[in-house]
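Just so it is clear, none of the values below were taken in a lab; they were calculated from the coordinates. Because the structure is predicted, anything quoted here is derived from the model rather than measured. All Cβ positions, glycine included, derive from the backbone under ideal geometry; neighbour counts span all protein chains shown.
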Number of protein chains: 2
Amino acid sequence: MNESTNTGPSTPRVRVKRLPDRGKYDRETIEAILDEGFICHVGFNTEHGPAVIPTAYGRDGGDLIIHGSAASRMLRDLAGGIDVCVTVTLVDGVVLARSAFHHSINYRSVVIYGRASVIAEKAEKAKALEILTEHIIRGRWKDVRPPTDKELKGTTVLRVPLAEASAKVRVGPPKDDEEDYSLPIWAGVLPLRTVTGAPIADERNLPEAAIPEYLQT
Amino acid sequence: MNESTNTGPSTPRVRVKRLPDRGKYDRETIEAILDEGFICHVGFNTEHGPAVIPTAYGRDGGDLIIHGSAASRMLRDLAGGIDVCVTVTLVDGVVLARSAFHHSINYRSVVIYGRASVIAEKAEKAKALEILTEHIIRGRWKDVRPPTDKELKGTTVLRVPLAEASAKVRVGPPKDDEEDYSLPIWAGVLPLRTVTGAPIADERNLPEAAIPEYLQT
């Protein structure tokens, strides 16, 4: 473990306990994973027990930005300052070992513990929505009809600080028990990645609505 | 809403509250989503607050199967019968609207509420691990060195019943405010999908270890 790039966990709860070699606590690793993904899973307690809800996110420096309807139960709960855990997972491949036991997944994940805070001020809120939109499709914001005051009021935007975050990463080939390497079983990695397909234009696009450069591949 | 294929939620907590038109409760929709994915996010309470951990899963009829080291904190906690929420999310595309406000994601998700139960009996446990492995790579189980008794003992395998599950699905083009359709802004969907790359053979494969048919594309 490279101590120069892998600092320790910021608090005990964020420490990776299982397979601690996979734990990474440096900001660079954490931010790179967050910047590659755009869907997180938000975990919080409700009166009915734990809930895990997928939602889009962006990153504003040291904060994750999430948003939703002001009428959403999740957004209302989180805006109240309850404990939250936000997890982002990128799946890079399936690891096929010689033994069933050592099959695994190559992945990069970030787990963030903390509490959300509401972005109430109008300009800051609009900026956070711009950051979120640009996180998902860079270049989009300048093209779109910006939010109205009514839309801003109907949207709750939250920051979740990255102060208590850890990454967990598995890369590379299977790790079999030494005696299993003599078995004539194919082992290796099946890589997985997310790709974009050809953009599907809305039927109601005006003739002069050209496809934007950020969608051209 | 087609009542013949979309029955109601099994319990109140599983009802989709935000955008209820997106909620689906029929077993066919739920199982199709679960069978396409293989990574879930497991939410549960710890002494430090909520936690959300990604893990692989399989499906055995009406149960989700998850597993992990018997030493894992998550597996130990869940094996104790605490409340859990398991969420599976498939992301199908980014929805680009004319307004910032109506940007969205096309996705299919399943949220399961319940409690896990431990699969203790040896043969049932081995079968559940086979189901999990086959869920991720169909055809793999017959090729691998099966689990030893020691490996089985070191693995905790859990069932999470699908009795309280709901799906949420967004498909199709953006839905802009009527007046925004006159704006000359390109709108539509950028499809996303997960693809496999060329398999990467382990350097220590024996010469006679041919690449299996289920990895050939």
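Structure above, values below:
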quantity: Cα pair count fraction exceeding 31 Å, expressed as % - chain B; calculated: 35 percent
quantity: Contour minus Cα-Cα distance for residue B:28 and residue B:206 (0.36 nm per residue); calculated: 59.8 nm
quantity: Computed P(r) (all Cα pairs; region A:1-104; 5 Å bins; percent); calculated: 2, 9, 16, 19, 19, 15, 11, 5, 3, 1, 0
quantity: Cβ-vector label at 7 Å, residue A:70, separations to other copies in nm; calculated: 5.4
quantity: Crossing angle, helix A:122-136 versus chain A [Cα axis fit, 0-90 degrees, rounded to tens]; calculated: 40 degrees
quantity: Sum of -39500 (n - 2.57) over DSSP H runs of 4+, divided by residues of the protein assembly as shown (222 nm, nearest 500); calculated: -5000 deg cm²/dmol
quantity: Region A:3-53: projected area of the alpha-carbon convex hull, averaged over directions, in nm²; calculated: 4.9 nm²
quantity: Rounded to whole Å, sorted largest first: equivalent-ellipsoid semi-axes of region B:111-156, Cα gyration tensor; calculated: 20, 16, 7
quantity: Nm distances between copies for residue A:22, ranked from closest, using label points 7 Å along Cα→Cβ; calculated: 2.9
quantity: Calculated FRET value between residue A:194 and residue B:120, using beta carbons and R₀ = 30 Å, to 0.05; calculated: 0.20
quantity: Degrees separating the helix B:27-36 axis from the principal Cα axis of chain B, which is the longest one; calculated: 70 degrees
quantity: Entries of A:142/B:175; A:17/B:153; B:127/B:150; A:24/A:127 with Cα pairs more than 26 Å apart; calculated: A:24/A:127
quantity: P(r) weight above 16 Å for region A:66-126, C-alpha pairs, percent; calculated: 64 percent
quantity: Coil-residue GluC sites (Glu not before Pro) of region B:79-176, DSSP, other Cβ within 10 Å capped at 15; calculated: B:121
quantity: Shortest-first nm distances, residue B:200 label point to equivalent points in other copies (7 Å, Cα→Cβ); calculated: 3.3
quantity: Hull volume in cubic angstrom per residue (convex hull over the Cα atoms of region B:149-212); calculated: 258 Å³
quantity: Cubic angstrom per residue, convex hull over Cα atoms of region B:100-217; calculated: 206 Å³
quantity: Convex hull projection area averaged over all views, the protein assembly as shown, Cα basis, nm²; calculated: 22.3 nm²
quantity: Spherically averaged projected area of region B:25-77 from its Cα convex hull (nm²); calculated: 4.4 nm²
quantity: Average Cα contact separation per residue, region B:101-217, under 8 Å, 6 or more apart, as relative contact order %; calculated: 39 percent
